[in-house]
1. Can you find, among Phe60, Gly142, Ala265, the residue farthest towards the positive end of the dipole of the chain? Put +1 on the C-beta of Lys and Arg, -1 on that of Asp and Glu.
2. Roughly how many Å² of Ser3 are accessible to a 1.4 Å probe, to the nearest 10?
3. Cα centroid distance between the range 33-65 and the range 310-340, in Å?
4. Give me the percent of the accessible area of the range 143-205 that comes from carbon and sulfur atoms, probe 1.4 Å, all protein chains in place.
5. So between Arg181 and Phe150, what do we pick up on full extension, going 0.36 nm a residue minus the alpha carbon distance?
6. Add -39500 (n - 2.57) for each DSSP H run of 4 or more in the chain, then divide by its residues: what number comes out at 222 nm, to the nearest 500 deg cm²/dmol?
7. Which loop-located chymotrypsin sites (Phe, Trp or Tyr not before Pro) does the range 88-183 contain, where loop means any DSSP state but H, G, I, E or B and the Cβ has at most 11 other Cβ atoms within 10 Å?
8. Any chance you could check the Cα centroid distance between the range 5-27 and the range 228-306 for me, in angstrom?
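The values are calculated or read from the model by the stated rules, or taken from the named source; none is laboratory data. These figures come from a predicted structure and were not determined experimentally. A quick note on method: Cβ atoms are made from the backbone with ideal geometry, for glycine too, and the neighbour counts reach across all protein chains shown. The area values use the complete protein model at the heavy-atom level, side chains included, leaving out ligands, DNA and RNA. Shrake-Rupley method; radii C 1.70, N 1.55, O 1.52, S 1.80 Å.
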Amino acid sequence: MTSEVLDPRVDPEPPYWRELRALAGLRGDWAWDVLRQQAWCARTPWSVAVTLEGSRPRWFVAAAWIGTRSRRHRFATSRRGGLLGGLDVRAPGSGAFPAWWFADTDGDGGCGRLLTEYLPSMRRLLGAGMKATLIRQVPGEGVATLAGRFHLVRETEPIARVPTAGFTSGDDWLASLPRRRKAQLRKVFDAIEADVDLTVEVLPGSAVDAVELAELLRLNEVKHRDVPIVPLPQFVGYLRRLLLQPDVFVLCYRDGNSRRLVAAATVYDHPQWPLARAWSSLPVEDGGRADAYFHMYGELVRWSIERGRRGVVLGKKMAKLKTSLGAELVPQYAAVVPVR
């Protein structure tokens, strides 16, 4: 077995990376050129640890270093964020999936191997200044493994996903919903479809202008300025590389006359569970469409059914609303583990 720890900012794409993405089922935001751009735009240095058996990848873990030099309003400028700190094991984009993959997980989602293989190797690399690790997106089967003396494990927001494997059309899904939600959505769908001044279509990311989409997505980010760490804006350079990935699509709502993009959702395709990633819409008074948010869910479900997927992942937040749309909630946990 051989191991290496890569910095996406400066290290070239390893020859095994595409194979690893396929094995691990990693979506478009894990493409190496997308990771590189994300790492340059991040607040903290990123690393990707990989272990190989010969030339074949056996596991990987991605994490950010949170140290004494970490700041809310600046970007990473070095390989290390200070001499004292810890690792934040999290995915670079979506919080819906873990930032690790193991060929063999021992039934605990790989959490045991995080403790026995990954953390010791990173402690040897980073030194005694590495005091703790925050592990996000922990599955339920890994909780018992991560529990222990001085370990803190807490449930976080669940992930909502709508199973679609049993449906043959969007109407089948709609018929399965509670009566009041079904009636409300039917009115929304009829109103959007009757709007002759609005076009709705799912396009490959490469067919969408990154600048126009970034401007729209930033409108939604402005709404989330009440959290402790303000989200970074959508960077055009990052978005441009992301949209070029063949498994990235955009659900576009355009004004039929001006062709202005009035609402959009990004979707990362997957053989089983596509992920609805980012959504934004113009205010109604500025040309947006009322209830386009609800219509978006119906379009994503229909798109998932047409592509023969098991379902569509809707991410975190708005859990009550999403369950009314037929979503099941998958628990997630986070763990703080001291490193000694």
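1. Going by the Cα projections, it comes out as Gly142.
2. Roll a 1.4 Å probe over it and Ser3 shows about 90 Å².
3. Here the answer is 24 Å between Cα centres.
4. On the way: 2060 of 3900 Å².
The computed percentage sits at 53.
5. Values: separation 31, 0.36 × 31 = 11.16 nm, distance 4.51 nm.
6.7 nm is the gain from fully extending Arg181 to Phe150.
6. Numbers: 10 runs with 93 residues, N = 340.
The per-residue figure over the chain is -8000 deg cm²/dmol.
7. Working: sites: Trp100, Trp101, Phe102, Tyr118, Phe150, Phe167, Trp173; in loops: Phe150, Phe167.
Qualifying residues, ordered by number: Phe150.
8. 26 Å
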